[in-house]
Amino acid sequence: MKYDYLIVGAGLFGSTFAHLATKAGKRCLVVERRSHTGGNLFCENVSGITVHRYGPHIFHTSNRNVYDFVKSLVEIHPFINRPLARYNENTFSLPFNMNTFRQMWGVSTVEDVKSIIKEQSQCVKEIRNLEDKAISIVGRDIYKTLIKGYTEKQWGMKCTELPASIISRIPVRFTYDNNYYNDLYQFIPAGGYNFLTSKLLEGSHVVLGVDFNKEKHSLQAEANKIVYTGRIDSLFDYKYGVLPYRSLKFKLREYNTKFFQECAVVNNTEADVPFTRSIEHKYFDYACSHDDFTLVSFEYPDGYAGMDEKEAYYPVNIPESEALHSAYLKELEKHSNVIIGGRLAEYKYYDMDDTILSAMKLWKEESKC
C-alpha cells in the first residue's frame, strides 16, 4: 500500500497536517523518532498527576478558527498563566506590569514608572543587542534583576551577544494585570495534550521509534510526498553545517506537601542558580485530588551539539544561523516531493496556535494540487 503522505514527526504540526489530510480522504503514514506522539506537548501520568514532560504548555490564541478547531476535538479547561519571578528570595510579578514596578521601586503611578525608566535608559544611545533593547524598555534595575541572569542562562550567551529581536517576545504593560498572555482564549486540554494528539492522528498509520533520517532511503518509497517536520540540517546530513539550538533538561521531584510554590511557574532569575524555572504540574491538572504530595519539574538550560540525542528546543536566531538555514532551504528546492513545516524544519519559534495555522495553510496549498 502506497501512502499519499509520509509525515515525519508526530508533533503538533505533523499531527494537524495528518488530521486535515486524512479527513480529505488521503492516506497518511506518520513516523516518529521518539517512543511517543505529541512532540514536546507529550504528557505522562506520574503518581496520579498529569506531568508536562517537556515543560509547561498553555494554549493561548485570539484566533477563533484555531480555538474552534481544538475545541471540536477535545474538552478544554480555561487556564490563566500568572507566573512569578524570584531573585535573592524576593518575588516579583510577571509579566512586567505595575505590580512588578511597585515591587521593584515602590511606585504606584504610570508617570512615576515612566520617569524611572526614562532616567535609567538614558545610557542607551543605540540598540545594538538584547541588553540595549531591554534597558530601553524597562530600565536598568528590571534588566539586571529579572532579565539578565535568566536570559544568559537560557541562551548560554551574554545579553550583549544576543540580537535585540529576542526581547520583543517579553510582554510589558502599564496595568495591574498578571495574566502573562493577552490572547482571548487561554486553556489546557482536559487531562493533558495526549488526548489532542490522539484525536489528530485518528485514521493515520503511526509508527514510533523510527528515525527517518537513518532510514530515509527505504521510507521515501512509501509515499508520493513527504511532509518533514524535523531538523532540516539533519535531513541533508548536515551538508552545510549544524544549525544552532538550545536544549533543556528537566528534573522531576516529589514533595510531601499540598503545594510547593505559589503558582504553576516560577522563574529563577539569579545567574548563579542553575535552573531557570520550576513548574508545579498540579496547577494544570483540574482532576488531581492529591492533598499530601505534589510534583515539581526544575528546568535547566542545556547546550545542543546538533548530532547528539538531545532535543532541540529553541533556534538561535543570529545572522549566521539564518544564513545557514537559507542554504538548506535552497537545497530543499532540489527535492520537489519534500515539503517542510514546524519549528524545527522552518527554524522558527512557534506558539501552538501558529503551528496549527501553519499546518492549515500548508494543507490548503496541498489540497489545490
Within the chain: Cβ-based charge dipole about Cα centre, in debye rounded to nearest 20 (Lys, Arg +1; Asp, Glu -1):
580
Over 23 Å between alpha carbons, listed pairs Lys158/Lys282; Lys214/Lys364; Lys225/Lys368; Lys153/Lys348
Lys158/Lys282; Lys214/Lys364
Of Tyr87, Met98, Cys123, whose Cα points farthest to the positive end of the dipole of the range 46-123 (charges on the beta-carbon: +1 Lys, Arg; -1 Asp, Glu; origin at the Cα centre)?
Tyr87
What's the carbon and sulfur percent of the chain's accessible surface, probe 1.4 angstrom, rounded to a whole number?
49
What size of dipole, in debye to the nearest 20, comes out for the range 115-203 about its Cα centre when the only charges are +1 on Lys and Arg C-beta atoms and -1 on Asp and Glu C-beta atoms?
200
Note on the chain, DSSP bridge orientation, antiparallel percent to nearest 5 equals 60
Reach of Lys2 by Cα under 19 Å, taken over aspartates and glutamates that are not fewer than 8 positions away in the same chain
Glu32, Glu202, Glu215, Glu222, Glu366
Whole-number D in µm²/s for the chain (Stokes-Einstein; Kirkwood sum over Cα pairs; 10 °C, 1.306 mPa s):
72
If we sort 341-352, 18-29 on the protection proxy, mean other Cβ atoms within 10 Å, highest first, what's the order?
341-352, 18-29
Of 271-277, 332-338, 146-152, 99-105, ordering from highest average Cβ density within 10 Å down gives 146-152, 99-105, 271-277, 332-338
Binning at 5 Å from 0, report for the range 145-286 what percent of all alpha-carbon pair distances ends up in each bin.
2, 6, 9, 13, 14, 15, 15, 13, 8, 4, 1, 0
Principal axis lengths of the range 6-126 from Cα atoms, whole Å, largest first?
62, 39, 29
Tell me the per residue accessible area of the range 18-140 using a 1.4 Å probe; a whole number in Å² is fine.
47
Bins of 10 Å, starting at 0 and running to the largest distance - Cα pair percent for the range 210-369
9, 28, 29, 20, 13, 2
Could you rank Ile166, Ile226 by how accessible they are, 1.4 Å probe, largest area first?
Ile166, Ile226
Enter the accessible area of Cys369 (Å², nearest 10), with the probe set to 1.4 Å and all protein chains included.
120
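The values are calculated or read from the model by the stated rules, or taken from the named source; none is laboratory data. In this text, all values refer to a predicted model and were calculated from it rather than measured experimentally. Using ideal geometry, Cβ is built from the backbone for each residue, glycine included, and neighbour counts are taken over all protein chains shown. The area values use the complete protein model at the heavy-atom level, side chains included, leaving out ligands, DNA and RNA. Shrake-Rupley method; radii C 1.70, N 1.55, O 1.52, S 1.80 Å.
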